[in-house]
1. Each label point is 7 Å from the Cα along the Cα-to-Cβ direction; what then is the distance between the points at residue 179 and residue 117, in nm?
2. Kindly put 159, 41 in sequence by how many other C-beta atoms sit within 10 Å of each C-beta, fewest to most.
3. What percent of all Cα-Cα pairs in segment 225-290 falls into each 5 Å bin, going from 0 up to the bin containing the maximum distance?
4. Could I get the Rg over Rh figure for segment 265-326? Both from C-alpha atoms, Rh via Kirkwood, rounded to two places.
5. Taking the Cβ of each residue in 107, 127, 219 as the centre, tally the other Cβ atoms inside 10 Å and list the residues starting with the fewest.
6. Taking the Cα-to-Cβ direction at residue 26 and at residue 136 and moving 7 Å from each Cα, how far apart do the two end points lie in nm?
7. With just the Cα atoms of segment 344-425, tell me how far they stretch along each of the three principal axes, in Å, largest first.
8. Would you mind ranking 410, 244 by Cβ crowding within 10 Å, fewest neighbours first?
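Read the figures in this text as sums done on the coordinates, not as results from a lab. Note that the structure is a prediction, hence the values are computed from the model and not measured. Please note: Cβ atoms are built from the backbone with ideal geometry, for glycine as well, and neighbour counts cover all protein chains shown.
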């Protein structure tokens, strides 16, 4: 959530952010009104309570008609205090509810617009010319079936659409990717973490995933637990309700977890293969830093993502995501999109978001600097979303006979294997 003081001092900035996100600008005025009622009712409650306490002392010293009048006033005060308390609680609840609906403030340098209004910041690598090489590229599903690596038919039979099995070298390729990604993250100073896949509502809400993203979240009603769509959620909630000493920052974690997404808004999109699925594994970077260091940390996370994609020898571009395409928690977001030959376009493989103080305020995570305590900043960055990375590797490193060349960085994790060969039928 944002700082209420900032809302009071500069509401136009918050309105501009809401407008850039394509969200309800009127929410700002509703929140200002609720906050004013919250504060005024709180002042009234405090005044009435002070009068009530002072009256109690006077009653003890009074007698006769004076005491009777004071007792009458005391009865009225009792009713007024209760009413003021109720009014204060109601205004506070309304303020908090509205505040939870407000997205993070968009960074001023973020391009304004929708999904297609991103700005390309840089491009890396070159696209292969398959025509010059003399063959038509196969898509990742055909390659995966040739290699005995992907089985979507039995995935659908067992679990339904958008589920799959990784088999043989497909399973080995996932394990190689995860191990290589964790190795890079560890070398960069991240603490490896295996995180829970089920979290409580306060963890999911605290990271901002029960607002605009709620339609994509799986909820277990009987247990009131949520399946995470990313290990960002447990990593953000890891220090919930804690005060961290400034000397410990930055704290950097690399979480590995299964991820679950309904993909409710993607009917008809990417239905072939394993690009857009309901369950997948992912390695996620997460940082806790001082607020003034968040932009520099954001660039670091982006550099680590670029290092990873470069090591996989994939052509990719970096985009500055437009304002209306940001998640509620992100002030700014960069995506790294890999070239997918059979689609003839770049597709998102990794992303990194600067969430500034938004999540830490919701999760009550603060930093202590001497006697001063204040919210800190959180950032996240996907290092390896496994299925999409497999898609990019198979399509970009395929050979005419259906085999796939293994990027050098993965070979130590595949027993030195340099090529994935088609299996005999």
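1. Going by the 7 Å Cα→Cβ label model, 4.6 nm.
2. On the way: 159 13, 41 20.
Least to most surrounded, the residues fall as 159, 41.
3. 4, 14, 21, 18, 14, 12, 8, 5, 3, 1
4. Over the Cα atoms of segment 265-326, Rg/Rh equals 1.03.
5. Details: 107 20, 127 11, 219 15.
With the sparsest Cβ surroundings first, the list reads 127, 219, 107.
6. So the two model labels end up 5.4 nm from each other.
7. 67, 31, 21 Å, listed from the longest principal axis down.
8. In increasing order of surrounding Cβ atoms, one gets 244, 410.
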